[in-house]
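S.K.: Okay, here's the structure, questions in a sec.
The values are calculated or read from the model by the stated rules, or taken from the named source; none is laboratory data. All values derive from a computational prediction rather than experimental measurement. When we count neighbours, we look across all protein chains shown, and the Cβ atoms used for this are built from the backbone with ideal geometry, even at glycine.
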Amino acid sequence: MLKKIVFAGFIASASLASVPLFAQTNAPAVRAAHAEHEVIALADTYANAIVERDIATLDRLLAADFVDVSPDGTVSTRAQFIDEYTNPPATAQTFESAVFDASDAQVRAYGDTALMTGRSTWRGHAGGHAFTGVLVSTMVAVYRDGQWQIASSHSSSVPPAQGASSPAE
């Protein structure tokens, strides 16, 4: 009889011990289910922070090991990227708006990492001339310390014949 009670206690303990373990291993799956909405919102906030030159928001959104590849092929570290918006050269382009097309975005989540591709339209001035440009971008987001952050961003310009235009519309 004692062996049955000890065995039943062991089974009950093992069952209870597995509940927290299951919850921990299931957390990335739950996070992945919400990743699409959260990562698209992250991309939109990122674009707006660039337009507004909102350094505090960029500082919060960019992971410590962030790397950006711009449409012209320039590779920037996190510090270089933030400095570009903190101390822009006199010839730097300025943005009036950035519209991220959430309906075109695709997010694939892999646990604490998400890959997003999407399209955005930017309007601004460069070299004294107004411009409108369309970018297609890939963004890698990582879930760290309870929030999504951008680990990497890479953008390419869409040629005017495919939906972008150089002069302001």
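S.K.: Conditions first: (1) over 17 Å from SER157 (Cα atoms); (2) within 19 Å of the chain's Cα centre (by Cα). SER70 passes all but one, so which condition is the exception?
M.R.: The one condition SER70 does not meet is (1).
S.K.: Name the residue, out of LEU58, LEU42, that is closer than 28 Å to HIS129 by Cβ, surrounded by 16 or more Cβ atoms within 10 Å (Cβ to Cβ) and among the aliphatic types (A, V, I, L, M).
M.R.: Details: LEU42 fails: closer than 28 Å to HIS129 by Cβ.
The match here is LEU58.
S.K.: Further question: Any idea which residue in the stretch 113-140 is modelled with the lowest pLDDT, counting only those that are of a type in the set (Gly, Ala, Ser) and part of a strand (DSSP E or B)?
M.R.: Within the stretch 113-140, the match that is modelled with the lowest pLDDT is ALA126.
S.K.: Looking only at the stretch 36-81, how many residues end up being among the hydrophobic types (A, V, I, L, M, F, W, C), more than 18 Å from VAL99 (Cα to Cα) and without any contact (Cβ under 8 Å) to a residue 12 or more places away in the chain?
M.R.: Going through the stretch 36-81 one residue at a time, the tally reaches 3.
S.K.: In the stretch 61-103, how many are hydroxyl-bearing (Ser, Thr, Tyr) and surrounded by 15 or more Cβ atoms within 10 Å (Cβ to Cβ)?
M.R.: Going through the stretch 61-103 one residue at a time, the tally reaches 3.
S.K.: Right, next: If you take the residues of the stretch 100-118 that are free of Cβ contacts under 8 Å to residues at least 40 places away in the same chain and closer than 21 Å to SER156 by Cβ, which of them is nearest to the chain's Cα centre (by Cα)?
M.R.: So, considering only residues that are free of Cβ contacts under 8 Å to residues at least 40 places away in the same chain and closer than 21 Å to SER156 by Cβ, the one nearest to the chain's Cα centre (by Cα) is LEU115.
S.K.: Given the structure, is GLN106 exposed (fewer than 13 other Cβ atoms within 10 Å of the Cβ) and touching a Leu at 6+ places or on another chain (Cβ under 9 Å)?
M.R.: On the way: exposed (fewer than 13 other Cβ atoms within 10 Å of the Cβ): yes; touching a Leu at 6+ places or on another chain (Cβ under 9 Å): yes.
Judged against the criteria, GLN106 is a match.
S.K.: Now for a separate question. Please list, ordered by residue number, the strands (runs of 3 or more DSSP E) wholly in the stretch 1-112 having 3 or more residues that are at pLDDT 95 or above and on the phi < 0 side of the Ramachandran plot.
M.R.: 62-69, 75-77, 106-110
S.K.: Then there is this: I'd like to know if the stretch 129-143 contains one or more residues that are exposed (fewer than 15 other Cβ atoms within 10 Å of the Cβ) and farther than 25 Å from HIS37 by Cα.
M.R.: Yes, the stretch 129-143 contains at least one residue that is exposed (fewer than 15 other Cβ atoms within 10 Å of the Cβ) and farther than 25 Å from HIS37 by Cα.
S.K.: Just a yes or no: is a residue in the stretch 123-135 under 17 Å from the mean Cα position of the chain (by Cα), at negative phi and hydrophobic (A, V, I, L, M, F, W, C)?
M.R.: Scanning the stretch 123-135, I find at least one residue that is under 17 Å from the mean Cα position of the chain (by Cα), at negative phi and hydrophobic (A, V, I, L, M, F, W, C), so the answer is yes.
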